[in-house]
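As structure tokens, the structure follows; a few thoughts come after it.
The values are calculated or read from the model by the stated rules, or taken from the named source; none is laboratory data. No experiment lies behind these values; they were computed from the predicted model shown. Here the Cβ positions follow ideal geometry from the backbone for every residue, glycine too, while neighbour counts run over all protein chains shown. In case anyone asks, the SASA skips ligands and DNA or RNA and just uses the protein heavy atoms, side chains included. Shrake-Rupley method; radii C 1.70, N 1.55, O 1.52, S 1.80 Å.
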Amino acid sequence: MQMRHVEIKRAKIEIVPLIDVVFFLLATFVMVSLSMTRNQGMQVPLPSAASASKMDDSEKAVTLTVMANGELFYNKDKITAAQLPFKLQTLKASQKEPKLVVNAAGDADFKRVVAVLDEARKIGIAKVGISTEKK
């Protein structure tokens, strides 16, 4: 009786293709994250201005959106005109130098936009910008 020696083949994990896949996923993630734009407010058709400049991405600002129909949004949360002072006071209390961007539709009621700006000034928020499109 002869004994045959059976060789058991072990599976090998190839590391080079695994590294290729990981780098591909990393590069894809970086490219997608760089192409994302930062928009905290609601989408509205903005008025255009020749002096429009890009806001620095490092600045954290709260966006107040005034829609054409008069609705107000604090970032993307719908609020009423009565809630606006409380939201702005909370913002003022939570940040040393709060920044506010008013994102008003081009055809929004000017009275509503002025009321939002006036409320921010009453609360004591000095850094207020108006969002526009470049001509």
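When the residues of segment 1-54 are filtered to those that are among the β-branched types (Val, Ile, Thr) and at pLDDT below 65, which remaining residue is farthest from Asn103 (Cα to Cα)? Let's see the steps before the verdict.
Step one: list which residues in segment 1-54 are among the β-branched types (Val, Ile, Thr), which gives 6, 8, 13, 15-16, 19, 21-22, 28, 30, 32, 37, 44.
Now narrow it down to the ones that are at pLDDT below 65: 37, 44.
Details: Thr37: 15, Val44: 8 Å.
In this case the residue turns out to be Thr37.
Only residues that are open to solvent by less than 50 Å² (accessible area, probe 1.4 Å) and part of a loop (DSSP other than H, G, I, E, B) were counted across segment 81-105, and they come to 2. Restricted to segment 116-135, and to residues there that are surrounded by 15 or more Cβ atoms within 10 Å (Cβ to Cβ) and small (Gly, Ala, Ser), the residue that is farthest from Pro98 (Cα to Cα) is Ser131.
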